[in-house]
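Engineer: After the structure tokens below, expect a handful of questions from me.
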Amino acid sequence: MDLITTTADLRDVCDRLARQPFVTVDTEFMRETTYYPKLCLIQMASPDGSGVLVDPLSSEIDLQPFVDLMGDERVVKVFHSARQDLEIVWMLGKTLPHPFFDTQVAAMVCGFGDSVSYEQLVNDLAKAKIDKSSRFTDWSRRPLSEAQLAYALSDVTHLVKIYEALVGELLRTDRGAWLDEEMAVLTSPETYQADPRQAWRRLAGRMRKPREIAVLMEVAAWREREAQTRNVPRGRILKDEAVIDVASSAPRSIEALGRLRSIPSGFERSRTGADILAAVERGLASDVSAIAMPERSRRSGGNGALVELLKVLLKAVCENEGVAPKIIATIDDLEAVADDDTADVPLLQGWRRALFGEKALALKHGRLALSATAGRIVVHEMSAPTDPIET
């Protein structure tokens with residue numbers, strides 16, 4: 001198994017694949033020491049199961065033919081769990097694969113469970129086994145071993161049969177439109193544009209005051225920009241715990257910054273320490289009245305029992321329809337609906353509303369009942385709300 005290492009050979013391969021109805025694609029990359037993924041290998045296969053391996057680390061290769069293939073509207077690009085692969089494609093040429101198919105999402109629509117693994121689909125649909133011994137190897141080292149190359153190639157050759165089986169099931173169940181909605185999110189450029197101004201959102205769960213959020217916004221944005229500029233993981237700049245501590249305490253002096261337990265000794269006197277203090281000042285000077293506080297979890301409210309009932313209903317509906325619960329609704333979605341009939345959540349929109357959302361609202365308002373028969377949950381439509389039983 002030879003690696004493609006030149007632009008000419010890559011162009012020939014991509015020209016051949018561009019004449020196929022679909023191509024399966026995967027990548028191997030490293031990210032432990034960088035902010036952006038370091039692309040180490042590209043794998044592709046055609047419908048006949050023949051695969052190719054491309055070495056992006058070769059000094060004699062330009063990946064533009066691969067980028068062009070990804071944007072070719074005549075060819076469906078098939079990935080499994082494609083989020084990070086698509087980020088790489090976006091970084092290479094500011095383009096995203098289209099038309100596009102993610103077998104993990106399709107498998108959830110077809111009832112294979114939440115976040116089904118590639119290994120499971122290979123076993124269930126391709127009737128094959130994969131050797132996992134090379135899964136966590138260093139893909140940046142050269143030369144790659146025969147075992148590594150064989151493992152990498154299997155990631156796309158088995159994917160051919162998986163894709164064909166899932167397409168057949170989607171046609172049988174008429175659920176292609178369900179998948180289209182999910183693909184639209186994955187192929188949106190906004191999904192892969194890391195905006196430092198939004199970095200605070202993943203850390204805001206512990207914040208309770210607008211002033212804390214204001215400081216968090218500035219410190220998290222500063223850290224994100226630093227990580228992007230230096231191409232190092234966020235934690236190498238400042239760990240999450242330290243960002244939260246700084247936002248909560250808002251230190252305004254070197255001494256106050258140094259007293260935080262999450263800040264390494266001496267860190268406060270470095271250039272980075274000065275940058276943190278400057279970010280704190282920007283946060284304190286901002287207009288807190290314009291800050292929209294993040295929504296709190298509703299689990300501690302008075303709808304806990306209703307949320308549990310909705311979870312049972314979700315499981316029952318998904319078992320009956322043969323679809324994974326995760327693709328229908330999250331716990332946060334259920335909590336939102338328990339609190340508000342008009343909540344702006346996916347389960348009250350489109351096909352999700354038709355499949356589950358209307359039932360969720362009916363259960364909430366006593367127009368639906370649940371019972372158990374032979375170990376299974378049975379859903380009953382009610383002509384009118386039942387009177388509560390006094391306890």
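Engineer: Using a Gaussian network for the chain with springs between C-alpha atoms less than 10 Å apart, which of these wobbles most: SER249, SER140, SER265?
Structural biologist: Sorting by GNM fluctuation, first place goes to SER265.
Engineer: Number of Lys-Lys pairs in the chain under 17 Å by Cα, sequence gap 8 or more or different chains?
Structural biologist: 12
Engineer: Got a sec? What order do THR103, THR330 fall in by accessible area at 1.4 Å, biggest, i.e. largest, first?
Structural biologist: Working: THR103 0, THR330 65 Å².
Listed by decreasing accessible area, they come as THR330, THR103.
Engineer: Among LEU171, LEU86, LEU179, which one moves the most in a GNM of the chain with springs linking Cα atoms closer than 10 Å?
Structural biologist: LEU171
Engineer: Can you tell me which of GLY322, GLY266, GLY375 moves the most in a GNM of the chain? Springs connect C-alpha atoms under 10 Å apart.
Structural biologist: With Cα springs under 10 Å in the chain, the top fluctuation among GLY322, GLY266, GLY375 is at GLY375.
Engineer: Quote the relative contact order of the chain in percent (integer), defining contacts as alpha-carbon pairs under 8 Å separated by 6+ residues.
Structural biologist: Numbers: 563 pairs, mean separation 52.5, N = 391.
Here the relative contact order equals 13 percent.
Engineer: As I understand it, the dipole of the range 151-295 uses +1 on the Cβ of Lys and Arg and -1 on the Cβ of Asp and Glu, about the Cα centre. Which of ASN231, SER265, LEU159 lies farthest toward its positive end?
Structural biologist: Looking along the dipole axis, the top candidate is SER265.
Engineer: Take peptides 313-319, 361-367 and line them up by average Cβ neighbours within 10 Å, highest first, as a rough protection proxy.
Structural biologist: Ranked by mean Cβ neighbours within 10 Å, highest first: 313-319, 361-367.
Engineer: Using a simple spin-label model with points 7 Å from Cα along the Cα→Cβ vector, what separation in nm is obtained for VAL379 and ARG269?
Structural biologist: Going from the VAL379 label point to the ARG269 one covers 6.6 nm.
Engineer: Now for a different question. Please say if the range 141-253 is rounded, prolate or oblate, where rounded means a/c under 1.5 for a ≥ b ≥ c the square roots of the C-alpha gyration tensor eigenvalues, and otherwise the choice is prolate for a/b larger than b/c and oblate otherwise?
Structural biologist: oblate
Engineer: If I stretch the segment between ASP114 and ARG259 completely, what's the gain in nm (0.36 nm per residue apart, minus their alpha carbon distance), one decimal?
Structural biologist: 47.8 nm
Engineer: Given a cut-off of 31 Å, what percent of all Cα-Cα pairs of the chain lie beyond it?
Structural biologist: Details: 40716 of 76245 pairs.
The proportion of pairs with Cα distances above 31 Å equals 53 percent.
Engineer: Treat each spin label as a single point 7 Å out from the Cα along the C-beta direction, and report the LEU284 to ALA184 distance in nm.
Structural biologist: Here the modelled spin labels are 4.6 nm apart.
Engineer: Then there is this: Please compute the modelled spin-label separation between ARG142 and ASN123, points set 7 Å along Cα→Cβ, answer in nm with one decimal.
Structural biologist: Distance between the two pseudo-spin positions: 3.7 nm.
Engineer: Where the only charges are on Cβ atoms (+1 Lys, Arg; -1 Asp, Glu), what is the dipole of the chain about its Cα centre, to the nearest 20 debye?
Structural biologist: In total the dipole reaches around 1220 debye.
Engineer: Given the range 305-344 reduced to its alpha-carbon atoms as identical point scatterers, what log10 I(q)/I(0) does the Debye formula return at q = 0.29, 0.33 Å⁻¹?
Structural biologist: Normalising to I(0) and taking log10 leaves -0.99, -1.11.
Engineer: Mind checking which helices in the chain clear 18 Å along their axis (Cα) and have mean Kyte-Doolittle hydropathy of 1.0 or more, DSSP H runs only?
Structural biologist: For the chain, where a helix must reach 18 Å along its axis and average at least 1.0, there are no hits.
Engineer: Where a ≥ b ≥ c are the square roots of the eigenvalues of the C-alpha gyration tensor, would you call the range 11-89 rounded, which needs a/c under 1.5, or, failing that, prolate if a/b is larger than b/c, or oblate?
Structural biologist: prolate
Engineer: Still on this model: Taking a ≥ b ≥ c as the square roots of the eigenvalues of the Cα gyration tensor of the range 1-151, is the shape rounded (a/c under 1.5), prolate (a/b larger than b/c) or oblate?
Structural biologist: Rounded, since a/c falls under 1.5.
The values are calculated or read from the model by the stated rules, or taken from the named source; none is laboratory data. This structure is a prediction, so every number in the text was calculated from the model and none was measured. Every residue, glycine as well, gets a Cβ built from its backbone with ideal geometry; the counts of neighbours run over all protein chains shown. These area figures cover heavy atoms from the full protein model, side chains too; ligands, DNA and RNA do not enter into them. Shrake-Rupley method; radii C 1.70, N 1.55, O 1.52, S 1.80 Å.
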